[in-house]
Amino acid sequence: MKAAFIEKHGGPEVLKYGEMQDPVAASGQVVVDIAAASVNGADWKVREGKSGQLSTFPYILGRDFSGVVSAVGVGVTDLKVGDEVFAVCDAGQEGAYAEKIAIKASIVAKKTESLSHVDAAALALAGLTAIVSIEDTLKLKKGETILIQGGAGGVASFAIQLAKHLGARVITTASAANHDYLRKIGADEIIDYNAVDFTKVVKNCDAVFDTVGGDVAQRSFAVLKPGGRAAFIASGAQAPKPERDDVTALRPSVGRDRPHLERIVELVAAGAVRLPEVTLYQLSDAVAAHRVSESRHFRGKLVFKVR
Ligand SMILES: NC(=O)c1ccc[n+]([C@@H]2O[C@H](COP(=O)([O-])OP(=O)(O)OC[C@H]3O[C@@H](n4cnc5c(N)ncnc54)[C@H](OP(=O)(O)O)[C@@H]3O)[C@@H](O)[C@H]2O)c1
């Protein structure tokens, strides 16, 4: 099979495209012929070695994908060859920038016909992360106000729509070029973070969901009301420590399972979440896709159309 892989840590140019060995379905696994795979913010961090040093090369990046089951391992009874599926790789496993992947069947979900492979790949990890953060971790409720940092990104765009669906009021941050997009997906108030300091104009939030990290994450505690809670996905494995003791800092634990993927499908089918804006790449263009991803200033999702 063809794949995009790295042979060492480094800049985007270390991504190569070439022939790799076909995977085989072990017990409990299926092999999926990948039709589309998405680029996630984590990918360039893994490539650079910012998420720890890899010891085995060549290494195929990529955490989510959509495709068709082409082989079924021993013990798999709920999926069969020909099923259209999508998934997020298990924690510690990657390899979606490829024509094929072997993956635990229990974390794979069926794709509905209304979703294209490109859409399903675009929604998988971003949707899973947004659902775990907004519903499971922050437990956002109707009538609450939430500040979602980095609104135009893949995870945050999904989170904005989910928060609105739950009946919350949503404030978000983005550069001016993305404000129309965010208004269309339902944000109630949009702050141009290049022109306005959000801590000066936002206060008394019940919740914050930060997808930006760094200084933005740390300063987000200031907008919470006493008893407020904040969830962080761009500050590493731990949530930053608040400088006040009347708020809660949370690091969502984004596990992999089938029910959360089915929740993505359900939210899209209900019209609660719209499909993200997608920019398509070929696997052989992984270098270009990574340059855009690590610039951190684009809208929606970058997706490889693999076949
Ligand atoms: N399981 C997990 O824990 C998990 C899963 C998925 C993602 N993540 C992490 O979550 C983060 C978000 O990922 P993503 O893929 O959704 O998006 P991303 O590609 O990392 O971010 C892109 C967006 O960030 C916005 N942005 C950049 N700087 C900003 C700032 N200072 N204030 C407001 N917005 C800003 C940009 O919008 P503008 O152009 O408008 O600036 C752009 O739309 C990444 O760090 C990723 O690694 C974690």
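Brief remarks on what is shown
- Residue tally, condition within 16 Å of the ligand (Cβ to nearest atom) and of a type in the set (Ser, Thr, Tyr), over the range 32-79: 2
- Test for Lys203: is it of a type in the set (Lys, Arg), closer than 23 Å to Val265 by Cα and surrounded by fewer than 16 Cβ atoms within 10 Å (Cβ to Cβ): no
- Just one of the listed residues (Gly18, Gly28, Gly73) is open to solvent by less than 40 Å² (accessible area, probe 1.4 Å), without any contact (Cβ under 8 Å) to a residue 24 or more places away in the chain and more than 30 Å from Phe158 (Cα to Cα), namely Gly18.
- Restricting attention to the range 217-228, the residues that are open to solvent by 40 Å² or more (accessible area, probe 1.4 Å) and not polar (S, T, N, Q) total 5.
- Residues of the range 176-198 classified as of a type outside the set (Asp, Glu) and surrounded by 14 or more Cβ atoms within 10 Å (Cβ to Cβ), total: 11
- Segments classed as strands (runs of 3 or more DSSP E), wholly inside the range 1-90, with at least 2 members that are more than 23 Å from the chain's Cα centre (by Cα): 15-19, 64-72
- Test: residue in the range 285-302 that is more than 13 Å from the ligand (Cβ to nearest atom) and among the acidic types (Asp, Glu): yes
The values are calculated or read from the model by the stated rules, or taken from the named source; none is laboratory data. Only a predicted model underlies this, so the values are computations on that prediction, with no experimental measurement involved. Neighbour counts are summed over all protein chains in view; Cβ atoms, including those assigned to glycine, are modelled from backbone coordinates with ideal geometry. These accessible areas exclude ligands, DNA and RNA; they are computed on the full protein's heavy atoms, side chains included. Shrake-Rupley method; radii C 1.70, N 1.55, O 1.52, S 1.80 Å.
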